[in-house]
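Inspection log for the structure reproduced underneath, given as structure tokens.
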Amino acid sequence: MQTQELLVTEESLDPVDWKSMRALGHQMIDDMFGYLESIRERPVWQPIPDQVKAELTQSLPTEPESPEKVYEDFVQNILAYPMGNIHPRFWSWVIGTGTPLGMLAEMLAAGLNPNLGGGEHVAIYVEAQVLDWCKQMFSYPARASGLLVSGGSMANLVGLTVARNTKAGFGLRTQGVQAAPQRMVMYGSSEMHSSIQKAVELLGLGSESLRKIPVDADFQIDINAMQNAIAEDRAAGHLPFCIVGNAGTVNTGAIDDLNHLAEIASREKMWFHVDGAFGALAVLSPELKPKLAGLERADSLAFDLHKWMSMPMEVGCALVRDAAAHHDAFSLTPAYLSHGTRGLAAGSHWFSDYGIQLSRGFRALKVWMSLKEHGVKKFGRVIQQNIDQAQYLAKLVNDAPELELLAPVPLNIVCFRFKANGMDDQALNELNAELLIRLHESGIAAPSYTELDGKYALRVANVNHRSRREDFDLLVETVRRLGNELLKE
Ligand SMILES: *Cc1c(COP(=O)(O)O)cnc(C)c1O
């Protein structure tokens, strides 16, 4: 009786009016479905007006606003100026497209909001299930360990951490890299992704310990050059400990000879890591699968699910063949996290023992739902479709007198440029850079760019399940038009 008289007013962050929040939720879903269904009719990208940028430099909100007003701000200022990567003519960098069910899965995951660091609850078993599915996709051993992470960069860091600790040959976790008796050296091609170098730097090995081996005309690692580098490093008293194979490079989609790299790693008693961020998924295309032979021999494998598997960001995956080595690299269990045998703190999968994060979100749900929704065969068909579209675009480029293909097209990436008689590379570089900006500003299509042998290349990286052949027709038509306009200026 006493306590009631105190009249304590306690608050929560739940809505005061559940009914109007529910109505708002329904409206958001309706609006987003309308948006996704009509995505093709909108520009790929538009410059952000200054007034919208100004809206996003306000001071910290101190008082409540109605959810309806907050949502209105989102529609006004955010929904209208997206990156564009969900549009059918977006082919910049390598960025996935996402799906409607993936979007809904994100909502369900946030609603349940579990922590997948560990414990005995069902979300943990969902992640274990999708990791098993990933192993099956790549014919990777069932006893391997794995972890869903934010993306390929983190997956590379996880794999390379296990590589470093396992091959160091001393108590690296306690003594640190300073105690290494020899410089630990890693090898990969000059086309390796920047996240590999970041990992080497973060691991305290220093970027000078990463040998960037030259590539051949197909942008694959020159294996003889790598073997020579390993021999030289051994002669100099260093410890060659890891080879990184590329399964799909960012510049051109090149796939290294993974079987050959696996053999050398095994002979040299080195770790074999494969960065397959997007390209590894080409195993789902029966036509491309043979090119990836040897992938399943990797000691660790990094790949993304938010690129060529079209799942909403962020989600990538690291698989490690030697589960004990993986556990030994990351497990650290203070008393308050000790694993029980019964109750909520039990459970056989403590993912926090296999990576950097303790609190971990329910990334696994969108993977589980998406794989069930489409089945892996359909993903394979869509991946093959993207590869066929890249070939189609390469042919359009070859058939157009003003266009020039700048690299082979082994996968889903097409590098080309607009060309004109009598212009040197320098002038062509400037022309193509301006052309790309005008293309973006036109809202018609969004490729990105790279530089190949000093040549500025328009780069189309196609992991877009919404693209159709007519989109590539329009791209080529527009590039020719803009290029000719620029020539006249
Ligand atoms: C995208 C990419 C990465 C990095 O992956 P994120 O998901 O962006 O962190 C690494 N390697 C390659 C080859 C990539 O294409």
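Points to keep in mind about this one:
- Only one of the listed residues (GLY380, GLY361, GLY347) is away from the ligand (no atom under 15 Å from the Cβ), more than 27 Å from GLY98 (Cβ to Cβ) and touching a residue at least 24 places away in the same chain (Cβ under 8 Å). That residue is GLY347.
- Criterion violated by LEU101 - all others in (1) away from the ligand (no atom under 16 Å from the Cβ); (2) assigned to a loop (DSSP other than H, G, I, E, B); (3) in contact (Cβ under 8 Å) with a residue 12 or more places away in the chain satisfied: (2)
- Test: SER190 is modelled with pLDDT of 95 or more, within 14 Å of the ligand (Cβ to nearest atom), in contact with a Lys or Arg (Cβ under 9 Å, 6 or more places away or on another chain) and not charged (D, E, K, R): yes
- Test: residue in the range 304-314 that is touching a His at 6+ places or on another chain (Cβ under 8 Å) and away from the ligand (no atom under 16 Å from the Cβ): no
- Per-region count, the range 216-268, residues out of contact with any helix residue (DSSP H, G or I) (no Cβ under 8 Å at 6 or more places or on another chain), farther than 19 Å from LEU205 by Cα and of a type in the set (Asp, Glu): 5
- GLU191 being among the charged types (D, E, K, R) and not in a loop (DSSP other than H, G, I, E, B): no
- If you go through the range 67-122 and keep only what is modelled with pLDDT of 95 or more, small (Gly, Ala, Ser) and surrounded by 13 or more Cβ atoms within 10 Å (Cβ to Cβ), you end up with GLY84, SER92, GLY96, GLY98, GLY102, ALA105, ALA109, GLY117, GLY118, GLY119.
- Between LYS167, LYS198, the distinction of being among the basic types (Lys, Arg) and in contact with a Phe, Trp or Tyr (Cβ under 7 Å, 6 or more places away or on another chain) belongs to LYS167 only.
- Index of the failed condition, PHE170 passing every other in (1) of a type in the set (A, V, I, L, M, F, W, C); (2) closer than 14 Å to SER352 by Cα; (3) surrounded by fewer than 24 Cβ atoms within 10 Å (Cβ to Cβ): (2)
- Cβ-Cβ under 7 Å pairs, at least 6 apart or on other chains, the range 441-462 side surrounded by fewer than 24 Cβ atoms within 10 Å (Cβ to Cβ), far side basic (Lys, Arg) and assigned to a loop (DSSP other than H, G, I, E, B): ILE444/ARG89
- Looking across the range 269-291 at every residue that is more than 10 Å from the ligand (Cβ to nearest atom) and under 18 Å from ALA461 (Cβ atoms), the one that is surrounded by the fewest Cβ atoms within 10 Å (Cβ to Cβ) is identified as LYS291.
- Check on VAL126, away from the ligand (no atom under 16 Å from the Cβ) and under 24 Å from MET309 (Cα atoms): yes
- For the range 321-338, a residue qualifies if it is in a loop (DSSP other than H, G, I, E, B), in contact (Cβ under 8 Å) with a residue 60 or more places away in the chain and either over 22 Å from THR174 (Cβ atoms) or in contact with an Asp or Glu (Cβ under 6 Å, 6 or more places away or on another chain) (or both), and exactly one does: ARG321.
- Residue match in the range 430-445 (condition: of a type in the set (Val, Ile, Thr) and farther than 19 Å from ASP218 by Cα): yes
- Matching residues, the range 208-256, being part of a helix (DSSP H, G or I), within 23 Å of LYS291 (Cβ to Cβ) and either without any contact (Cβ under 8 Å) to a residue 12 or more places away in the chain or of a type in the set (Ser, Thr, Tyr) (or both): ASN224
- Check on GLY159, surrounded by 14 or more Cβ atoms within 10 Å (Cβ to Cβ), more than 30 Å from LEU36 (Cα to Cα) and touching a His at 6+ places or on another chain (Cβ under 7 Å): yes
- If you go through the range 136-165 and pick out every residue that is away from the ligand (no atom under 11 Å from the Cβ) and assigned to a loop (DSSP other than H, G, I, E, B), you end up with 7.
- Residue in the range 252-259 that is surrounded by 21 or more Cβ atoms within 10 Å (Cβ to Cβ), among the small types (Gly, Ala, Ser) and either within 22 Å of the chain's Cα centre (by Cα) or within 15 Å of the ligand (Cβ to nearest atom) (or both) present: yes
The values are calculated or read from the model by the stated rules, or taken from the named source; none is laboratory data. Just so it is clear, the model here is predicted, and its values are computed rather than measured. Ideal geometry is used to build each Cβ from the backbone, glycine not excepted, and the neighbour counts take in all protein chains shown.
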